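Values in this text are rule-based calculations from the coordinates and carry no lab data. Worth saying up front: this structure is predicted, and the values here are computed from it rather than measured. Quick reminder, even Gly has a Cβ in these numbers, built from the backbone with ideal geometry, and neighbours come from all protein chains shown.
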Amino acid sequence: MGIGLTLSGHGGISPAVAGFSDHEFFFLDDGGNIPFAALAPYGVTNCGMTGGCSAGSFAISSPIQLGSTQVLEVTLSFLSNDAPHYDAGQCYLVANGQQIALLFSAWAGPQNQNIINIVPVSAGVTLAPPTAVFLGNTVPLGGFTYGPQRLDQVSRQMIPGGSIPWITASYTPAQSGGYQLLFAMYNTQGNNTNSALALSSIKRGGHELLHL
């Protein structure tokens, strides 16, 4: 890989998982017991969820040099067994202790609700596809199994869980310089392992910086 990732909490590199990914991928889950306040040195102080975020895991990349015309592409997925309105999986672009852009934000929303953009991504970010729903698949990951269902606490019905399809966030910074990617997977309550954020690839100007 062209860049490194430093993990705080629980996660790592997973081999391919049938029905989810045909190649290795990096993941972090919300069972890491790292307080959300640990993100403050990177300029991230609010996850945007009602009541805030409590504890989980995060990973920070090594520095990435970006030109003002270079497109950064990050391909991610979100997995959950949790009820609606819990858990936030996010990706930020940061530099010099400041949040530059929110590239991706997923949450454990209901089956037919757009689970991307519960916290609107920053201006200039493109998501492909722009929306997603849970696939109802079964994904064993990190000692935990996601899917195929989860409980909707409003209707008290079981609804699809597992993963969403891979989504690519694309962004071109306004200024050339050194940046880092911050990946965060946090509970909105407690410290249970119920959700995970998965990373497939990072590209700069169409060239792979990381592909697992």
Looking at PRO140, GLY177, ALA106, which one has the Cα that reaches farthest to the positive end of the dipole of the chain (charges on Cβ: Lys, Arg +1; Asp, Glu -1)?
GLY177
Leading residue at positive end of dipole, the chain (Cβ point charges), from PRO35, ALA55, LEU127:
LEU127
With a 4.7 Å Cβ cut-off, tell me which Cys residues in the chain come up empty for a partner.
CYS91
Protection proxy ranking, peptides 90-96, 193-199, average beta carbon neighbours within 10 Å, highest first:
193-199, 90-96
For a label point 7 Å from the Cα of GLN175 along Cα→C-beta, name the residues of the range 66-101 whose backbone N is under 20 Å from it.
66-72, 92-101
Unit charges on C-beta of K, R, D, E only; dipole of the chain, Debye
200 debye
Can you tell me the length gained on complete extension of the stretch THR45 to VAL133, counting 0.36 nm per residue apart and subtracting the Cα distance?
28.9 nm
Output wanted: per-residue J couplings in Hz (rounded whole) for the range 23-36, from phi through Karplus 6.51 cos²θ - 1.76 cosθ + 1.60, θ = phi - 60°, x for Gly and Pro.
9, 4, 8, 8, 9, 9, 10, 8, x, x, 6, 9, x, 4
Counting only C-alpha contacts under 8 Å and six or more residues apart, can you give the relative contact order of the chain as a whole percent?
33 percent
